[in-house]
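Below is one structure, written out as structure tokens; the observations come after it.
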Amino acid sequence: MDINSSEQNNIVQTSKAELMLALKQLIVEECDKEDDFEACDILDDELLFGRKSRIALDSLDALQLSLVLKKKFAISIEGSKETRKHLQSVASIAELILSREA
């Protein structure tokens, strides 16, 4: 069975969407945001950290998230600049995971 590029792209998009939903659930659970948000309330490109962030994760949340990403996805994020870059949003975390799987 041949999969054309359009079908293959749809599979990748579905996988990425599923990954982003799983990441949102992970953020809500691991960063103790169950009382504040549902996973589906977090936008893909929404800032997760900082004063302008509605999610308002802090440095302890970044550490917790980094540890969980390492455990679940074998992703190691080192250094403060790299951490800030990759943990900006759910989409940036998903891109990091997908790029390391490729």
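Throughout, read-outs are computed from the coordinates displayed, never taken from laboratory work. Since the model is a prediction, treat every value here as computed from it, not as a measurement. Cβ: placed from backbone, ideal geometry, glycine included. Neighbour counts: every protein chain shown.
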Estimated distance in nm for a label pair at Asp45 and Arg100, the labels positioned 7 Å out from Cα along Cα-to-Cβ = 2.4
If you stretched the chain out fully between Ala22 and Glu78, how much longer would it get, using 0.36 nm times the residue separation minus the C-alpha to C-alpha distance?
-> 17.9 nm
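Please rank Ser15, Ser66, Ser76, Ser89, fewest neighbouring Cβ atoms within 10 Å first, as an exposure proxy. Display every interim value, and only then the final one.
Numbers: Ser15 13, Ser66 17, Ser76 10, Ser89 21.
Going from least to most buried by this count: Ser76, Ser15, Ser66, Ser89.
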The ³J(HN,Hα) series, computed from each phi in segment 36-45 with the Karplus coefficients 6.51, -1.76 and 1.60 at θ = phi - 60°, rounded to the nearest Hz and given as x for glycine or proline, is 9, 9, 9, 4, 5, 7, 7, 7, 4, 9
